[in-house]
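The values are calculated or read from the model by the stated rules, or taken from the named source; none is laboratory data. For clarity, every value in this text was computed on a predicted model and none was experimentally measured. Please note: Cβ atoms are built from the backbone with ideal geometry, for glycine as well, and neighbour counts cover all protein chains shown.
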Amino acid sequence: MGYLTLRARAARLRRENAKKAKAAANKLFPGEKWIKAEDGIYLSPRRAVGKKSNYEHELRDARILRDMGSTIYFVPESSRQEGKKYDAIVNGLQFEFKNAGGNANTLITQFLRSRLQAPNVFINLEASNLTRHEIISALYGARNSVTHTDRKGNIIKGYADSNRFSGGRIILKIRGQDDLIYLNVDNLKIPGQ
């Protein structure tokens, strides 16, 4: 396949992603006056962006996705919303953004938290020393985890008790790798469970 063909396909994909993202944003938040933060990144005026918010980390994550061809809409935040809501619409899909440093337990916790917020999650692991194998193993373990009591008597919720969605995608950004890793949540399930 020639360079021009690949470039044309990438441009078409960007346009399609932009169209899907805008349609979903307008459907889910009718009448919202979206602000263009940067090329391919839009922001609700009801979105916190100050020093006490996570906006700078989320914007960094959005730039990574945008540079790979996505269009992102940061959704409004409201104290009247029940529970924790998702962070953004990416290419028409609801996404939660998570940043995880530390060990596999931190990744597992962040993944399970994301399953209460959105069916899809972007996890930025650039601050983590976990290898690709360790990351996939941790997510596989989290997807198949069951609620149990630890040695100290604490109840540790498993996947079924931490999940509000069927299906979904996981997008990973790993330290030292240029490409993103795309996973299907259901493909991490042990067959027959």
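One line per residue, one yes/no per condition, for (1) within 21 Å of Ala138 (Cβ to Cβ); (2) under 15 Å from the mean Cα position of the chain (by Cα); (3) modelled with pLDDT under 95:
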{"site": "Arg46", "(1), (2), (3)": "no, no, yes"}
{"site": "Met68", "(1), (2), (3)": "no, yes, yes"}
{"site": "Val90", "(1), (2), (3)": "no, yes, no"}
{"site": "Lys98", "(1), (2), (3)": "yes, yes, no"}
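Right, Leu107: modelled with pLDDT of 95 or more and more than 12 Å from the chain's Cα centre (by Cα) or not? Yes; evaluated as a whole, the condition is true for this residue. Residues of segment 98-151 that are of a type in the set (Lys, Arg), within 16 Å of Leu180 (Cα to Cα) and touching a residue at least 40 places away in the same chain (Cβ under 8 Å): Arg132 alone. Considering segment 53-151, the qualifying strands (runs of 3 or more DSSP E), each wholly inside and each with 2 or more residues that are in contact with a Ser or Thr (Cβ under 7 Å, 6 or more places away or on another chain) and either buried (at least 17 other Cβ atoms within 10 Å of the Cβ) or among the acidic types (Asp, Glu) (or both), run over 93-99.
Number of residues in segment 142-172 that are in contact with a Leu (Cβ under 8 Å, 6 or more places away or on another chain), more than 16 Å from Ala104 (Cβ to Cβ) and modelled with pLDDT of 95 or more: the value is 2.
Is it the case that Asp161 is surrounded by 10 or more Cβ atoms within 10 Å (Cβ to Cβ), out of contact with any strand residue (DSSP E or B) (no Cβ under 8 Å at 6 or more places or on another chain) and farther than 26 Å from Gly101 by Cβ? No, not satisfied. If you scan segment 16-39, which residues turn out to be crowded, with 17+ Cβ neighbours inside 10 Å, closer than 16 Å to Gln94 by Cα and small (Gly, Ala, Ser)? Passing the criteria: Ala18, Ala21, Ala24, Ala25.
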